[in-house]
Amino acid sequence: GFVMYAVFEDGSRQYRVREGDVVNVDFREAQVGSNLEFNRVLLAQHENETTIGQPVIAGARVVGEVVDHPSIKMYIQHFKRRKNYRRMKGHRQPYTAVRISKIEVPS
């Protein structure tokens with residue numbers, strides 16, 4: 001039946017998605033507009049029942065379209081008081097934004 005939401009794993013992190021959601025996964029070389037497939041689906045919620053993988057649901061996959069490559073800038077600041085010690089370091093973490101187009105779970 002219609003899948004309400006699914007939980008999939010990517011790069012040791014788990015994402016709970018519905019169709020149409022946009023999530024930021026770890027950066028990967030992929031053209032904007034191309035499709036990405038995640039087949040480590042851990043859980044899927046249908047109309048009235050829940051399928052739980054052990055640990056993953058066999059044959060299930062989450063397909064998404066790459067929409068962007070955003071990045072988040074982080075500032076790492078070290079400071080020791082009274083010691084004239086300051087360090088400022090920037091870091092930009094790239095992501096890949098994926099719009100979930102379909103969640104497929106074999107019934």
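The values are calculated or read from the model by the stated rules, or taken from the named source; none is laboratory data. None of the values given here were measured: they were computed from a predicted structure. Ideal geometry is used to build each Cβ from the backbone, glycine not excepted, and the neighbour counts take in all protein chains shown. For accessibility, only protein heavy atoms count, side chains too; no ligands or nucleic acids. Shrake-Rupley method; radii C 1.70, N 1.55, O 1.52, S 1.80 Å.
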**HN-Hα J in Hz across the stretch 57-65 - Karplus 6.51, -1.76, 1.60, θ = phi - 60°, x for Gly and Pro** = 7, 5, x, 8, 8, 10, 10, x, 10
**Request:** Return one whole number: the accessible area per residue of the chain in Å², for a 1.4 Å probe.
**Result:** 69
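Once the piece of chain linking Ile76 and Thr50 is laid out straight, how much longer is it, given 0.36 nm per residue of separation minus the C-alpha distance between them? Walk me through the numbers on the way to the answer.
Details: separation 26, 0.36 × 26 = 9.36 nm, distance 4.18 nm.
Stretched out fully, the Ile76 to Thr50 stretch lengthens by 5.2 nm.
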**Complete:** Looking only at lysines whose Cα falls under 29 Å of Lys89's and that sit 8 or more positions away or on another chain, we get Lys73, Lys80
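So how much slack lies between Met88 and Met4, counting 0.36 nm per residue of separation and subtracting their Cα-Cα distance, in nm?
Values: separation 84, 0.36 × 84 = 30.24 nm, distance 4.45 nm.
Stretched fully, the Met88-Met4 segment lengthens by 25.8 nm.
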**Request:** Taking amide H positions as placed in the peptide plane 1.01 Å from N, state which residues far from Asp10 in sequence (5 or more) or on other chains have amide H under 5 Å from it.
**Result:** Tyr15
**Rel. contact order, % - alpha carbon contacts under 8 angstrom, at least six apart, the chain** = 33
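Need the full-extension length gain, Ala30 to Val67, defined as separation in residues times 0.36 nm minus the C-alpha distance. One decimal, nm.
Numbers: separation 37, 0.36 × 37 = 13.32 nm, distance 0.99 nm.
12.3 nm is the gain from fully extending Ala30 to Val67.
Over the stretch 1-43, what is the mean sequence separation of C-alpha contacts under 8 Å (at least six apart), divided by residue count, expressed as relative contact order in percent?
Numbers: 40 pairs, mean separation 20.6, N = 43.
Relative CO of the stretch 1-43 lands at 48 percent.
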**Asked** Once Lys and Arg get +1 and Asp and Glu get -1 on their Cβ, which of Tyr15, His69, Ala30 lies farthest toward the positive end of the dipole of the chain?
**Response** His69
